[in-house]
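The values are calculated or read from the model by the stated rules, or taken from the named source; none is laboratory data. Note that the structure is predicted; figures quoted are calculated from it, not measured. Cβ atoms come from the backbone with ideal geometry, glycine included; neighbour counts cover every protein chain shown.
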Amino acid sequence: MRLSRRSSQAISFSFGLATTLAALGVASSFLGRAYGQIGNELPVAVGLVAVVMGLNLLEVLPLRLPSLDVDVRQAPVPPALQAYLAGATFALAASPCSTPVLATLLAYVSSTRDPLEGGALLLAYTCGYVAPLLLAASFTGAVKQLVALRQYSAWVTPASGVLLLAGGTYTLLSRLVPS
């Protein structure tokens, strides 16, 4: 079975995204391990990040998140490598709906202090993140139908905000209020 050019570029892009996000997960775990030697406040910080990011997704606390904007389309490399590089840099670009979830996940991963778990959790996040892209690339003829389904996904961002807010609040209360 031969992949179309579009599908191979989508896969290369996905691998670039996965590489960067897994590396972020491993780095966050190492940073959490280093910080964990200093104090036990990391779970409180993770809870605060979750609450702030939840409020951001609910548009109660709008934040301008930093973003790395690099255009690799002009790089003199083969198209598959160009797509990989685009995915690797896109992972560092802020988007209003995915960055709050990513920031919270990175904060959580730092509290685990386990680089293997951190990399694995970020790879799992990446799989969910790129699944629609790979699906669209595989069924380019059905893209119009997939775009039409987007109207039914308007609940995803607010639901994510509620989940982050609830999880962060629970974490904060369980750490700060004695039982």
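Only one entry of Pro96, Pro78, Pro62 meets the criterion of being of a type outside the set (S, T, N, Q), surrounded by fewer than 19 Cβ atoms within 10 Å (Cβ to Cβ) and at pLDDT below 80, and that entry is Pro96.
Across region 16-42, which residue is surrounded by the fewest Cβ atoms within 10 Å (Cβ to Cβ) among those that are at pLDDT below 80 and of a type in the set (Gly, Ala, Ser)? The residue in question is Gly39.
When Ala45, Ala107, Ala83 are checked against the criterion of being closer than 30 Å to Val177 by Cα, surrounded by 15 or more Cβ atoms within 10 Å (Cβ to Cβ), at pLDDT 80 or above and among the aliphatic types (A, V, I, L, M), Ala107 stands alone in meeting it.
Within region 163-179, the residues that satisfy the criterion of being loosely packed, with under 14 Cβ neighbours inside 10 Å and either modelled with pLDDT of 75 or more or within 13 Å of Ala50 (Cα to Cα) (or both) are Ala166, Tyr170, Leu173, Ser174, Leu176, Val177.
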